[in-house]
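Values quoted throughout were computed directly from the atomic coordinates according to the rules given, and no laboratory measurement underlies them. Bear in mind that the values here come from a model prediction, so they are computed numbers and not experimental data. Reconstructed Cβ throughout: ideal geometry from the backbone, glycine too, with neighbour counts over all protein chains shown.
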Amino acid sequence: VQGKEASKIMRISTGLLIVALAILIAVGGLVLVQRLYSTDQRKQHNDVAGFIYAVLGVSYAVLLGLMLIAVWEKWNAAEALTTDEANELAGIFWFAHALPQPEGRHIQELVRSYAQVVVEEEWPLMAQGRSSPKAWDTLDELRATILGLKPPTDAKQMGYDQMRYEEILVQLHDLGNARRERLLAAEQGLPPILWVVLFLGGVITVGFTYLFGLNNTLVHLLMVAALALIISMSLFTVAALDYPFSGDIRIHPSAYEQDLERFRESKLSDL
Amino acid sequence: MLIREAPILLWGVVVILAAVAFALAGQALVARLVPMHIRVADNTALGTIYSALYVLNALALAFSLFFVGSSYREAETTTNTEAHTVADLYQLADQFPEPQRHRMQDLCRSYARVVAEEEWPLLGQGRASRGSPHAQALADELVQTVEDFEPTTSTQEQALTLVQSLDDHRELRLLQSHQGIPALLWIVLLVGGVMTISFTFFFGVEGSWLHRASITALTVLVVLILYTIYRVEYPFTGHIQVRPADFEAALHSMKGE
C-alpha cells in the first residue's frame, strides 16, 4: 500500500502542488502571526531567538542537504544494479551455448523469458513496490536447471567444463543478489520516522522564523516563501529519488531491453 | 548540450558575467524599493534566517561537486581497465591455434579502433545511448569467438574471464556515460543558488560598494561551482572528458607486434 501511495506522490504535478501549498501555508502562517503579535513585541526577542535558530536551522539544513545526496547515491546504485543484473543474465546466456543440448537451449529460453517478464510485468509492478511472481518462478526454474546439470565426467574436458560450470554458478548467484537488491530498492524507502523528522524539521525551520520581528513585512514574507520553496522542493526531490522505480522520474529497464535485442541477434543463440 | 560543447573558458566567463550582472541589477532594484534604514534594522534577524538557507545550499553544492568529481575518476578507471583487457586478450590470443588466434587479434584491434574513433563521440548522447552498434557487434563477436572455442590449456581458459570482464566494463562505461545529476536535483541546486544570492540583496550595508563587492564575490563562487558541476557531470561529453587515450595506447601496442 505504501508503495502505491508513493507512486502517486512522485508525479511532477503533485510535486508542484506540494511546493505551492507549502509556500501558501508558510506565508499564511506569517500573516496570521503578524496579526496576533505586533512586530515590536516580537522584535525584543530577536537576539535570543537568533541564537536558537542558528542551531536549529543549520542542523536541519545539514540533515536535508545530506539526505539529498544520500538518495542521489541510492538512485545511482539502483541504476548500476539493473546493469549488473542484465550483465549476469547475458553472461549466463553466452555460457549456456556451450552446454550440452537440450539443457543449454532450455537455459537460454529461461534467461530470455526472465528478461521479458522483468521488462513487461515486473517493471510496472515495481512502481508499486511489488515484484512479479512469474519472474520469481522463472528464476527458480533457471536455478533448478543449472543446479541440475550433470557435473562434467569426461577426463579430457574436465578442467575447462569444471571452470565453465563454476563460472555459471557464480553468475547465477550474482543474478539472484542483484534481483533481490533491485526489489529492495524499489520497495524500501527511508524509514517513516526519518520522514517525520524531515517533515517536522521543515515545519519548525520555517515556523520559527515567525518569531523574528522584521521592520519590513514584505521582506519577511519573501524570506519565508523562499525558505518554504527550497525546503519543500528538496523534500519532494528526496521522496522522488528515494523510490527510483516509481513516479514520473524513474529508472527505465533499458539494460534488459538491450539484453533481449542482443539475444535475438547473437550467433550464440540456440533459440 | 550546446554549452557543453562550447569552449570552456569563454562560456565560463560569459555565464559568470551574466550572473553577476543579474545579481547587481537585483541588488540595485531592492535598494531602491526597500529603504536603507529598514534594511539595516533587519540585518541581524535576516542573517539568522539566511543561515538555514545557505547551509543547505552550500552542502548540496559541495557534495554534488565532490560526487561528480569522483564519478569522473571512476569513469577513468573503467576506461583504463577496459582498454587493458582488450590488450591482454590480444596477447593471450597467441596461445590459441589458428584460425582463432587471427580472428581474436583482428577483433581486438578493430574493437579498440572503433571504440576510440567511432564510439567516443557518441558516448553520453542522450540517456538511452548504447554507444556505437558497430563496437557492440565487435564485442559480441569477440565474446562468441572465445566462448565457442573449447580450450585445452589453462592459459586459454583465462580468455573466458577476460572476455567477460571486457563485456562488464563496456557496460559500465556506457552506464557512466549517461549517469549525471538527476534533473530534480539540478532544479534544487539552481533554485537554491538563486535564493542564496538574492537573499543578500535584502541586507542593509552602509557603503554600497561593499555590498556590491560581496554580492559579486558570492555570485562568482556559486556560479563557478555550478558551472564546474555542469561541465564535469557527464565524464565522456564536452571539453572536460575522459579521452580514449587508453584505447589508442592499446591499439598502438597491438599494432607494434
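Using Cα-only point scatterers and the Debye equation, what is log10 of I(q)/I(0) for chain B at each q in 0.15 Å⁻¹, rounded to two decimals?
Evaluating at q = 0.15 Å⁻¹ gives log10 I(q)/I(0) of -1.00.
Which one, A:SER266, A:VAL58, A:PRO192, is farthest towards the positive end of the dipole of chain A when Lys and Arg carry +1 and Asp and Glu -1 on their Cβ?
The listed residue farthest towards the positive side: A:VAL58.
So what's region A:162-260 giving for Cα Rg divided by 2.2 N^0.38 Å, two decimals? Mind showing how you got there, number by number?
Working: Rg = 22.8 Å, N = 99, 2.2 N^0.38 = 12.6 Å.
It is 1.81.
How big is Rg to Rh over chain A, alpha-carbon atoms, Rh as the Kirkwood inverse-mean-distance radius?
Answer for chain A: 1.22.
When only alpha-carbon atoms count, how far does region A:1-117 stretch along each of its three principal axes, as whole angstroms with the largest first?
Here the spans come out as 88, 28, 20 Å, largest first.
Membrane-span-like helices in chain B: DSSP H runs reaching 27 Å or more (Cα, own axis), mean Kyte hydropathy at least 0.5?
On the way: long enough: B:8-33 (37 Å, 2.25); B:36-92 (79 Å, 0.38); B:154-178 (38 Å, -0.74); B:208-232 (36 Å, 1.34).
Helices meeting the criterion: B:8-33, B:208-232.
Determine the dipole magnitude for chain A: charges of +1 sit on the beta-carbon of Lys and Arg, -1 on that of Asp and Glu, nothing else is charged, the reference point is the Cα centre, and the result goes in debye to the nearest 20.
On the way: 22 positive and 30 negative charges, 214 e Å.
Roughly 1020 debye, rounded to the nearest 20.
Anyone know which of A:PHE93, A:PHE212, A:PHE236 comes out most mobile in the 10 Å Cα GNM of chain A?
Of the options given, A:PHE212 has the highest mean-square fluctuation.
Using the scaling law 2.2 N^0.38 Å as the reference, what is the normalised Cα Rg of region B:177-246?
On the way: Rg = 16.7 Å, N = 70, 2.2 N^0.38 = 11.1 Å.
Normalised Rg, Cα atoms only: 1.51.
Dipole of region A:158-271, Cα-centred, from +1 at each Lys and Arg C-beta and -1 at each Asp and Glu C-beta, to the nearest 20 debye?
The calculated dipole for region A:158-271 is roughly 420 debye.
Of B:ALA135, B:LEU221, A:GLY213, which is farthest on the positive side of the dipole of the protein assembly as shown, counting Cα position, with +1 on Lys and Arg Cβ, -1 on Asp and Glu Cβ, and the Cα centre as origin?
A:GLY213
How would you rank B:MET104, B:MET36, going from fewest to most other Cβ atoms within 10 Å of each one's own Cβ? If you can, show how the numbers build up before the last one.
Values: B:MET104 23, B:MET36 12.
Fewest-to-most ranking of B:MET104, B:MET36: B:MET36, B:MET104.
Only helices at least 27 Å long along their axis, Cα-based, and averaging 0.0 or more on Kyte-Doolittle count here, so list those DSSP H runs from chain A. Working shown, then result.
Working: long enough: A:12-36 (36 Å, 2.24); A:46-97 (76 Å, 0.80); A:158-187 (44 Å, -0.64); A:217-242 (37 Å, 2.08).
Those that clear 27 Å and a mean of 0.0 are A:12-36, A:46-97, A:217-242.
Taking the protein assembly as shown as the region of interest, what is the percent of Cα-Cα pairs per 10 angstrom bin, listed from the shortest bin to the one with the maximum distance?
3, 16, 22, 20, 15, 11, 7, 4, 1, 0
If one computes the Cα centroid of region A:202-259 and of region B:172-195, what distance in Å separates the two points?
Taking the Cα centre of each part, region A:202-259 and region B:172-195 sit 15 Å apart.
Using the 10 angstrom Cβ neighbour count as an exposure proxy, how do A:TYR256, B:TYR111 rank, fewest first? Can you show the working numbers first?
Values: A:TYR256 24, B:TYR111 28.
Going from least to most buried by this count: A:TYR256, B:TYR111.
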